[in-house]
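In what follows, a structure is listed as structure tokens, so that the remarks can point back to it.
The values are calculated or read from the model by the stated rules, or taken from the named source; none is laboratory data. Just so you know, these numbers come straight off a predicted model, no measurement behind them. All Cβ positions, glycine included, derive from the backbone under ideal geometry; neighbour counts span all protein chains shown. Please note that ligands, DNA and RNA were not included when accessible areas were found on the heavy atoms of the full protein model with its side chains. Shrake-Rupley method; radii C 1.70, N 1.55, O 1.52, S 1.80 Å.
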Amino acid sequence: MQITFKGAIFDADGTLIDSMYMWHSLGLHYLQKLGIHENESLNQKLFVMSFEQGCEYLQTHYDLKKSSDEIRGEIIEMIRDFYIHDVKLKEGVREFLDVLKNKSISMVIATSGDRELLTSALKRLKVYEYFDAIFTCTELQTDKHDSKIFMVCSDYMNLKPEDVAVFEDVFYALNTAKNAGFFTIGIADNESIGDRRRIIEVSDYFIEDFTKEAIEK
């Protein structure tokens, strides 16, 4: 990849850290901790539900002797434990960040996730210091169907969208960034494989594997 951009906006889950499989299989992981084994079809059922609806579904469908609030708290704690202790960087990420740092590329994070959990993970994984700032959809009261978070990031770096690369693993976020004038870099992730063709189409560049990129250093 020839690096011509001056700033980089990174998504976190599925882009920097290998975490999307956890989000897509929360119900299965939770039931397994309770000694209940279910098949993959549960993931599809829960995917279309809100977090609260999913907790209620688990309570009633599996006759769990817990309130939906108890289930919600236990799942949140499970997520917290995953980020603090287990989540890993996607392969080659640290080396890629080193390249950008050595080229004096400004780097920030734009995430739909939780700031506290992400910060804990990035510090443990020793990459927190690469980023000038973290912006979250929750704090900005937006989501990535809207370009607000990307514009806030580029304004923070004092750069125009066309001088900034947005690294994302999901189609709709890449599409939003593309329509707002950003350079888009799609990141391969197993959990978004169904949208792979659309991701490649909307991306100016597609990274299959950070470790396989030929980067001019």
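Results, tabulated for the structure shown:
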quantity	calculated
Close pairs from the range 107-128: first without any contact (Cβ under 8 Å) to a residue 40 or more places away in the chain, partner among the hydroxyl-bearing types (Ser, Thr, Tyr) and part of a strand (DSSP E or B), Cβ under 7 Å, at least 6 apart	Arg115/Thr136
Leading residue by the ranking (farthest from Asp169 (Cα to Cα)) among those in the range 42-58 that are open to solvent by 50 Å² or more (accessible area, probe 1.4 Å) and part of a helix (DSSP H, G or I)	Glu56
Only one of Lys101, Lys88 that is touching an Asp or Glu at 6+ places or on another chain (Cβ under 6 Å), open to solvent by 80 Å² or more (accessible area, probe 1.4 Å) and closer than 30 Å to Glu129 by Cβ	Lys88
The range 3-19, subset of a type outside the set (Asp, Glu), open to solvent by less than 30 Å² (accessible area, probe 1.4 Å) and in contact with an Asp or Glu (Cβ under 7 Å, 6 or more places away or on another chain), residue nearest to Glu162 (Cα to Cα)	Phe5
Hey, Thr211 without any contact (Cβ under 8 Å) to a residue 40 or more places away in the chain, part of a helix (DSSP H, G or I) and among the hydroxyl-bearing types (Ser, Thr, Tyr) or not	no
Tally of residues being surrounded by fewer than 18 Cβ atoms within 10 Å (Cβ to Cβ) and not basic (Lys, Arg) across the range 106-124	5
The listed residue being modelled with pLDDT of 90 or more, under 16 Å from the mean Cα position of the chain (by Cα) and within 25 Å of Arg94 (Cα to Cα), out of Ile149, Ile200, Ile193	Ile149
Leading residue by the ranking (surrounded by the most Cβ atoms within 10 Å (Cβ to Cβ)) among those in the range 20-41 that are hydrophobic (A, V, I, L, M, F, W, C) and under 29 Å from Glu208 (Cβ atoms)	Leu26
Pairs with Cβ under 7 Å, 6+ apart, first in the range 66-83 and not small (Gly, Ala, Ser), second not in a helix (DSSP H, G or I)	Ile71/Leu64
Elements of type helices (runs of 4 or more DSSP H) in the range 137-203, at least 2 residues being buried (at least 22 other Cβ atoms within 10 Å of the Cβ)	148-156, 171-179
The range 5-37: number of residues that are free of Cβ contacts under 8 Å to residues at least 24 places away in the same chain and part of a loop (DSSP other than H, G, I, E, B)	3
Count of the range 1-42 residues which are modelled with pLDDT under 90 and within 18 Å of the chain's Cα centre (by Cα)	7
Test: residue in the range 125-133 that is buried (at least 18 other Cβ atoms within 10 Å of the Cβ), over 16 Å from the mean Cα position of the chain (by Cα) and within 21 Å of Cys153 (Cβ to Cβ)	yes
Unmet requirement for Arg72, which otherwise passes all of (1) at pLDDT below 90; (2) touching a Cys at 6+ places or on another chain (Cβ under 7 Å); (3) open to solvent by less than 60 Å² (accessible area, probe 1.4 Å)	(3)
Residue list for the range 85-99, filter: more than 13 Å from the chain's Cα centre (by Cα) and not basic (Lys, Arg)	His85, Asp86, Glu91, Gly92, Val93, Glu95, Phe96, Leu97, Asp98, Val99
